[in-house]
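A.B. asks: Pasting in a structure now, in structure tokens, and then I'll have a few things to ask.
The values are calculated or read from the model by the stated rules, or taken from the named source; none is laboratory data. Predicted, not measured: the structure shown is a model, and the values here were computed from it. Every residue, glycine among them, receives a Cβ derived from its backbone with ideal geometry; neighbour counts consider all protein chains shown. When the accessible area is computed, the model is the full protein with side chains, heavy atoms only, and any ligands, DNA or RNA have been set aside. Shrake-Rupley method; radii C 1.70, N 1.55, O 1.52, S 1.80 Å.
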Amino acid sequence: MSLIARIKRFLGLEAEAKREEPEKEKSEPVGASKEEVEKVAEENAKPRIGYIHLSGCTGDAMSLTENYDILAELLTNMVDIVYGQTLVDLWEMPEMDLALVEGSVCLQDEHSLHELKELREKAKLVCAFGSCAATGCFTRYSRGGQQAQPSHESFVPIADLIDVDLALPGCPPSPEIIAKTVVALLNNDMDYLQPMLDLAGYTEACGCDLQTKVVNQGLCIGCGTCAMACQTRALDMTNGRPELNSDRCIKCGICYVQCPRSWWPEEQIKKDLGL
């Protein structure tokens with residue numbers, strides 16, 4: 001079994017891979033011209049992915065490069081990492097199919113502002129990678145960020161400055177969701193990517209979203225998924241409903257995103273779980 005077939009089987013995409021095989025045979029006709037060969041090679045080229053780190057804790061980068069077999073094979077053999085301060089020895093920003101942006105952007109940092117705007121011009125798709133990039137997370141309400149002075153810098157999600165195509169929330173996102181998102185991109189699986197596309201404009205988050213958007217709407221089933229997803233233990237389940245400790249909340253939004261009554265459609269949950 002080939003590497004790509006094993007990865008697709010692991011991610012539950014084996015059926016799609018089998019349906020694609022006849023099409024690949026058709027794309028390699030006998031006696032093809034040079035132009036046709038170059039076109040096929042271009043169509044089958046590995047996606048070019050870039051990585052930008054702005055203002056954050058690098059937890060998203062650690063999740064991206066986590067030594068899980070599936071993620072290591074995916075990043076090594078199915079995509080080309082063409083840009084990234086810690087991943088590629090390259091100063092000039094190249095053209096990219098997908099750019100992962102980690103961290104919020106500091107409005108007083110001219111270099112970050114310039115890099116973010118150049119990225120939007122060079123990348124076909126821009127992904128707010130992690131909650132700092134998507135919502136600002138803890139950096140939005142910090143004083144001084146990661147620098148000692150000045151003490152009142154401003155940190156905002158990247159969608160406040162550029163158009164963002166999709167968001168991958170989490171503090172940090174898990175290696176599994178990163179792998180599945182990239183494979184969905186490889187397969188042009190827009191159904192799987194649709195929730196990430198919908199979250200691109202969701203730039204403000206808080207644990208109180210559960211109260212206003214789920215509990216108050218009569219949607220909460222008391223499953224506790226939100227509390228289990230919270231990395232800072234800012235949520236407790238009291239009488240079958242989430243209760244927020246605002247002092248612990250870092251406003252990453254992962255509790256609302258992970259709630260099965262928020263934005264995951266039933267058919268996508270079944271597909272993801274192989275039901």
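A.B. asks: Counting only residues that are under 26 Å from E95 (Cβ atoms), open to solvent by less than 20 Å² (accessible area, probe 1.4 Å) and modelled with pLDDT of 90 or more, give me the helices (runs of 4 or more DSSP H) lying completely in segment 105-216 with at least 1 of them.
C.D. replies: Once the helices (runs of 4 or more DSSP H) in segment 105-216 are filtered for at least 1 residues that are under 26 Å from E95 (Cβ atoms), open to solvent by less than 20 Å² (accessible area, probe 1.4 Å) and modelled with pLDDT of 90 or more, what remains is 110-122, 131-135.
A.B. asks: Pick from segment 241-259 the residues that are in a loop (DSSP other than H, G, I, E, B) and open to solvent by less than 30 Å² (accessible area, probe 1.4 Å): which of them is farthest from D160 (Cα to Cα)?
C.D. replies: Restricting to residues being in a loop (DSSP other than H, G, I, E, B) and open to solvent by less than 30 Å² (accessible area, probe 1.4 Å), the top hit is C259.
A.B. asks: If I250 meets every condition in (1) within 18 Å of the chain's Cα centre (by Cα); (2) β-branched (V, I, T); (3) closer than 25 Å to Q108 by Cβ apart from one, which number is that one?
C.D. replies: Evaluating I250 over (1) within 18 Å of the chain's Cα centre (by Cα); (2) β-branched (V, I, T); (3) closer than 25 Å to Q108 by Cβ leaves (1) as the failure.
A.B. asks: Just for segment 219-240: of the residues that are outside any loop (DSSP other than H, G, I, E, B) and surrounded by 13 or more Cβ atoms within 10 Å (Cβ to Cβ), which one is nearest to the chain's Cα centre (by Cα)?
C.D. replies: A229
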